[in-house]
Amino acid sequence: MEIDKLRRIVRRNTLMDGSRRENDAEHSWYVGMLAMVLAEHAPPGTDLDRVVAMLLVHDIVEIDAGDTFIYDASAVEAQLGIERKAADRIFGLLPCDQATRLRELWDEFEERKTPEARFAKALDRIAPIMANHHNEGGTWSLYKVTAEQVLEKVKIIEEGSATLGAYATEIIALSVSRGHLARA
């Protein structure tokens, strides 16, 4: 029953068609699917099952912490502490063996020290870029996000996949040229 609450957490990003905002459960499913579809862009030897597992649990803490808008600097600064407290509570609801396994996946994702975590984080970062590109600027326009702010996030994508980082840079430039993303 607890994880069902994830469907109630509404994110700032909209679906690619711009029809409505997505929820955290949809986002987690979507980036898990991206891991399978974009597997060829993962570093050689990446354990894709582990990547998918990480992506399924990475936002579970938002049941308590809520979604943090990536371009809200003060919220991002406070995010980790709030999310760690949420992780303690939520994973603490599980039997010890499950709590340990899922918490380890969540911590690994947050720390980005493994190729799997870096690839998972890259997918988490590229998904909203793709959505905003395909819905004529979406939340970028709504919240007056600049190309420079979005390009700053590409560094994390590049850490996980050079090819996905290059693709993100390409669609950002295309969004700028189409007038869907402004320069500072």
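The values are calculated or read from the model by the stated rules, or taken from the named source; none is laboratory data. Quick caveat: nothing in here was measured; it's all calculated off a predicted structure. Note that we place each Cβ from the backbone using ideal geometry, even for glycine, and neighbour counts take in every protein chain shown. Keep in mind that these areas ignore ligands, DNA and RNA; they rest on the heavy atoms of the full protein, side chains included. Shrake-Rupley method; radii C 1.70, N 1.55, O 1.52, S 1.80 Å.
If you go through region 17-59 and keep only what is over 18 Å from Ser161 (Cα atoms), more than 15 Å from the chain's Cα centre (by Cα) and surrounded by 15 or more Cβ atoms within 10 Å (Cβ to Cβ), you end up with just Gly18.
Given the condition among the β-branched types (Val, Ile, Thr) and part of a helix (DSSP H, G or I), answer yes or no: does some residue in region 43-55 qualify?
Keep residues of region 43-55 that are among the β-branched types (Val, Ile, Thr), which gives 46, 51-52.
Retained after the next criterion (residues that are part of a helix (DSSP H, G or I)): 51-52.
Yes: one or more hits.
Restricting region 79-106 to residues that are open to solvent by 50 Å² or more (accessible area, probe 1.4 Å) and of a type in the set (A, V, I, L, M) leaves a set whose member that is nearest to the chain's Cα centre (by Cα) is Leu80. Taking Ile70, is it out of contact with any strand residue (DSSP E or B) (no Cβ under 7 Å at 6 or more places or on another chain), surrounded by 19 or more Cβ atoms within 10 Å (Cβ to Cβ), at pLDDT below 95 and not small (Gly, Ala, Ser)? So Ile70 passes the test. Here Val154 does not qualify as within 22 Å of Arg21 (Cβ to Cβ), out of contact with any His (no Cβ under 6 Å at 6 or more places or on another chain) and open to solvent by less than 30 Å² (accessible area, probe 1.4 Å).
Listed by first and then second residue, the pairs with beta-carbon distance under 8 Å, at least 6 apart or on different chains, first residue in region 56-68 and touching a residue at least 40 places away in the same chain (Cβ under 8 Å) and within 10 Å of Ala87 (Cβ to Cβ), second open to solvent by less than 20 Å² (accessible area, probe 1.4 Å) and part of a loop (DSSP other than H, G, I, E, B), form an empty list.
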